[in-house]
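Since the structure comes first, as structure tokens, the remarks are kept for the end.
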Amino acid sequence: MIRLYKNGVWLLNGAKVIEDTPEAPRQLQQELGSLPDKAEAAKGTMAYSILEAHNTSGSMDKLKIKFDAMASHDITYVGIIQTARASGMEQFPLPYVLTNCHNSLCAVGGTINEDDHLFGLSAAKKYGGIYVPAHQAVIHQYMREMMSGCGKMILGSDSHTRYGALGTMAIGEGGGELAKQLLGGTYDVNRPGVIAVYLTGKPAPGVGPQDVALAIIAAVFANGYVKNKVMEFVGDGIANLNAEYRSGIDVMTTETTCLSSIWKTDEKIREFYALHGREQDYRALSPADVAYYDGMVEVDLAKVRPMIALPFHPSNAYAIEDLNRNLKDILHAVEQTAAQQLSARDFKLTDKIENGRLRVEQGVIAGCAGGTYDNLVDVADILANRSIGSGEFALSIYPSSQPVFMELVSNGSVSRFMEAGATVRTAFCGPCFGAGDVPANNCLSIRHSTRNFPNREGSKPMNGQIASVALMDARSIAATAVNGGILTPATDLDLSFTKPKYYFNQTVYQNRVYNGYGKAQPYQELRLGPNIADWPKMSALTEDLLLQVASEIHDPVTTTDELIPSGETSSYRSNPLKLAEFTLSRKDPGYVERAKAMQRIEAARLEGTSPIAAEPALQDVFARIKALPCGEIDPKATGVGSLVYAVKPGDGSAREQAASCQKVLGGWANIAREYATKRYRSNLINWGMLPFLFGDEALPFALGDYIFIPGVRQAVEQKREDIIAYVLPGNGGETKKITLRLSDLTDDERQIILAGCLINFNRR
């Protein structure tokens, strides 16, 4: 089904694949009559040409990218605009779309969600933005319909910013990177590797885009095969997929930890643009006749079967048929994972086995991955003249935009949903992050959405509340629904899909979307609700740092949902101080108070009080520091704060709050063996935090220990990668000397860290 090549590959004329082995020169000579230059052939990818067209640095090794457009939703745009505003922004210099699809249904927090929406509209008017009101479209569907374009690059403050199937290279990043673009800056990154994804064959009836996506994620996530690289989709199998099917695979590439994606375009993509009244945004994209890739993922679409990603990651994927054959053993393994990572020893899935089959309690089809027209008309065909029953199983359907919803009403699909017993909602991303359709305690929800991380559906294990999500394709969710909640692959049904033609009607957008790009109204007042707060002041990096380990996480991967939980916390994302109270609340509830204790010492130091006077327990710590071979240290000039250690932090969401909340609580650094994504590492840097690496498995420090880093400011200024630090155990044990690594920082990133955060850097 899926093959990963061990070496780089040559792709000739978009079809012939030659792996870069010792036999390759002979094969290339035979095919081409000469030996091509590898460096030149690497320029033959679609990714290279698009990056080159958007690069401003003059060097294709050190990219400085300017984007064509940007997008944010109502969890992130307030903080981004506040950051740019505090840095001196006067108007949006590029099309910036503000959607309202994450907080549109949250009831927590009184008026503050709608306050954020009014802020967004006033900001679009003041600075010249594009504002999409609540319930009109989820962020990525609007960008597909109205803003994508072949050869364009789009930056979004949501990790699933992926429009590669439409010929658009898109990247999801933290808010700091969007603020840089608003301030005329660039997105700085080393030229990424490019991995070909060669599709061949045709999917079987009932196999949907989520099935293909989960199969790919399972093959490449754990081994990091495409991490921080561009996935470039090629091969004759592409022609067998319509535009929405391709987009359904593409949006899930985020879960592989790749940087971005791009697909070969063809007549079906031209038809997509023509359908949406934007045929001028289409152009043919394909690799050069000779292109070299850093690796290849080969996918035989005909062999993909209906898949299910069990808790707690999209890569924990199995063919449903295989799961049903090994049900008890596989579910028991998930229970063991829950016991280890969530301390949820009462978590059960094996108790859902009935007569050798798995029973689920809920189905949800939603968002940028599930709620598309092509998915939902197939679901309507499966549900037609059937019932989901009157038992515990419930099915919710969220069309991805109002134009999609209107067409589903026109062709009768909505009636078929409702007659079968499903409920139909407006465009909303909540089921993807725990703000909608939260299942009951100990229940299992199957969802065509993007993620199934721990707590992603809204449960709270620390409070004894735990449920779980499994990811599936919409077609198999519908098949399960008509089987009363018994897990069923769509291929088990006798299927006949009608595929009614889609007619895009953008009248609702013309009537409701505010398009102010290029028409900034500088005298427009911002609508600031009572929960919208400015970022607190943040100080520059001091010459020396004394940090306490405030949290120590040894899970193989730590997600951004664990660093700052989604769900009910989202209502507070416009108030940095209130939101910070939730930091690590579902992973390490003691973290906030530990961090605050160090922050109080730093606050006293900034007011002129010695840390020793502010916290007498530090007298012994500074006495031990005085004995170190690092010269005279002034406690009053030594920055005091906290740090978080995690093995591999930052998988998942792009939201910058995973880092900014630590900073707001006085965090100065993270220490990790590696960072799960570039975007999380960038978030740390943009909030002035040091992204240290420490590779040893045996840690020389533990929770509550102090780490003293002398001369850290000078080390950053001098671009040193190895930085000496000292561990001073909190129990008074022996001081240990360690080496922390600080690598691959650009000059601007170093200056941001030195300034204390991106806001300070831009003000300066």
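What the table below lists for this structure:
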{"item": "The chain: Cα Rg divided by the 2.2 N^0.38 Å rule of thumb", "result": "0.94"}
{"item": "Exposure proxy order (Cβ contacts within 10 Å, fewest to most) of Thr480, Thr638, Thr200", "result": "Thr200, Thr638, Thr480"}
{"item": "Shape metrics for the range 544-763, restricted to C-alpha atoms - Rg then Dmax, Å", "result": "16.3, 49"}
{"item": "Amide H contacts of Leu63 (H built 1.01 Å from N, under 5 Å, at least 5 apart or other chain)", "result": "Val189, Asn190, Arg191"}
{"item": "Neighbour-count order for Val508, Val377, fewest beta carbons within 10 angstrom listed first", "result": "Val508, Val377"}
{"item": "Cα shape, the range 585-628, gyration tensor, a/c 1.5 rule", "result": "oblate"}
{"item": "Where GluC sites (Glu not before Pro) fall in DSSP loop in the range 575-630, at most 15 other Cβ within 10 Å", "result": "Glu581, Glu607"}
{"item": "Fraction of antiparallel bridges per DSSP, the chain only, in percent to nearest 5", "result": "40"}
{"item": "Neighbour-limited loop hits for trypsin sites (Lys or Arg not before Pro), the range 1-101 (at most 12 other Cβ within 10 Å; DSSP other than H, G, I, E, B)", "result": "Lys6"}
{"item": "Net length gained if the chain between Lys38 and Asp534 were fully extended (0.36 nm per residue, minus Cα distance)", "result": "173.5 nm"}
{"item": "Computed helical MRE - 222 nm, the chain, DSSP H runs ≥ 4 contributing -39500 (n - 2.57), nearest 500", "result": "-8500 deg cm²/dmol"}
{"item": "Fraction of antiparallel bridges per DSSP, the range 67-188 only, in percent to nearest 5", "result": "5"}
{"item": "Global geometry of the range 226-291, whether rounded, prolate or oblate, following the gyration tensor of its Cα atoms and the 1.5 cut on a/c", "result": "prolate"}
{"item": "Sorted by Cβ density within 10 Å, fewest first, the residues Ser413, Ser315, Ser476", "result": "Ser315, Ser413, Ser476"}
{"item": "The range 211-313: trypsin sites (Lys or Arg not before Pro) in DSSP coil with no more than 14 other Cβ atoms inside 10 Å", "result": "Arg283"}
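No lab work stands behind these numbers, since they all come straight from the coordinates. Just so it is clear, the model here is predicted, and its values are computed rather than measured. Note that we place each Cβ from the backbone using ideal geometry, even for glycine, and neighbour counts take in every protein chain shown.
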